[in-house]
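Heads up: the structure comes next, in structure tokens.
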Amino acid sequence: MEDSGCCYNYTKWICGGLLLALTWVMWNIAKRIIDMNMLRPTVERKKRIREEGFKALGRKYGNINTNTENIHKLSDQQLIQDLQNRKLTATQVLEAFISKALQVHEKTNCIIEFIPEAHKWAKELDDRSDIKGPLHGIPISIKDNCDIFGLDSTLGLAKKCFNPKTEHSVIVKVLLDLGAVPFCKTNVPQTLLSYGCTNPIFGTTTNFLNPTLTPGGSSGGEAALISGGGSILGIGSDIGGSVRIPCHFSGIYGVKTTKDRLSPTGFTPSLPNVIGMAGVPGIMSKNIDLLILCTKLLLEENRQHHYDHLALPIPWNNKPFEEKRKLRIGYYTSLPYFPVRK
């Protein structure tokens, strides 16, 4: 009799536990469905505003004219020189790159939105009596999670839509000080934690070189835009390959700096407060010399330290670029995720 009583109690506990677990599962499913239904209008509104913005810009800058073509034929070094010498205005260059970026976006779906303040920044440069800095008038594209005042950093998440940032990231502040003109934000995979580049708000970004392939992630929008010539310089971010993999997939250059070499302040993280997984800003370009120049300018003269006292005040070291000794490069062919040969 005592054994049957114990079995009865155990059965009650097991059934009670199963019922509790089932209730928890059903509650979470119901909550998720409710959240999805509540967020769906937000996503649709974001999509509508984005498409309307692209159409308006397309009507204004959709056709590439002779002046635009001539600007895009310039080497990066010549473009910098012509801006420094005032042969070109910042506004002319900005509009030329908006026009080209729209073409690349139409092919790859790489841009989230254009930055409304870009025209104002370009005009301020043109109105100056002097040159603001070594990147005077150079348009720069910015990855979605790099904060810009007044714009969202969504990470492809609906709950982050219409939640504009109240301050520029440190990197954007320094670029503006150098005279650069951030002009668009680029697409990412949802939560950033992917080697692809797709999310339910802005859709899938494809590889400019082959539209059947991914540009990589998570800085995939940057890679596609730069690969297609819609930007000559971009800011990404990297934890486990998010700059390096898209650059590899898209045929461009990129650098992931050591932690805290470039300030991460103002980058919206996918895993906040996680110790041991530190994302860092990265720089991307088709031109290795421009990549080096941008890295050097960001690190020189403690420019970041004015805005972030935790930024390491380590000066730029030019010695590796002056040595004649050839670099020894190691590589491997056995990584199953990304084989370099069949």
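Numerical summary
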{"read-out": "Neighbour count of at most 14 Cβ within 10 Å plus DSSP loop: longest GluC sites (Glu not before Pro)-free window in the chain", "value": "1-166"}
{"read-out": "In segment 159-203, the chymotrypsin sites (Phe, Trp or Tyr not before Pro) that fall in loop regions by DSSP, at most 14 other Cβ within 10 Å", "value": "162"}
{"read-out": "Proximal lysines to residue 73, defined as alpha-carbon separation beneath 21 angstrom and excluding residues fewer than eight positions away on the same chain", "value": "87, 100, 107, 286"}
{"read-out": "Anisotropy class of segment 197-306 from Cα gyration tensor, a/c 1.5 cut", "value": "oblate"}
{"read-out": "Cα→Cβ-extended label distance, 7 Å offset, between residue 84 and residue 69, nm", "value": "2.9"}
{"read-out": "Normalised contact order of the chain, rounded percent, pairs of Cα under 8 Å and 6 or more residues apart", "value": "14"}
{"read-out": "Among (1) 24.7; (2) 17.1; (3) 20.9, the entry that matches mean projected area of the Cα convex hull in nm² as calculated here", "value": "(1)"}
{"read-out": "Carbon and sulfur %, accessible surface of the chain computed with the full protein complex present, 1.4 Å", "value": "57"}
{"read-out": "Computed helical MRE - 222 nm, the chain, DSSP H runs ≥ 4 contributing -39500 (n - 2.57), nearest 500", "value": "-14000 deg cm²/dmol"}
{"read-out": "Probe 1.4 Å, accessible area per residue of the chain, Å²", "value": "56"}
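The values are calculated or read from the model by the stated rules, or taken from the named source; none is laboratory data. Predicted, not measured: the structure shown is a model, and the values here were computed from it. As a convention, Cβ positions derive from the backbone with ideal geometry for all residues, glycine included, and neighbour counts pool all protein chains shown. Note: areas computed on protein heavy atoms with side chains; ligands, DNA, RNA excluded. Shrake-Rupley method; radii C 1.70, N 1.55, O 1.52, S 1.80 Å.
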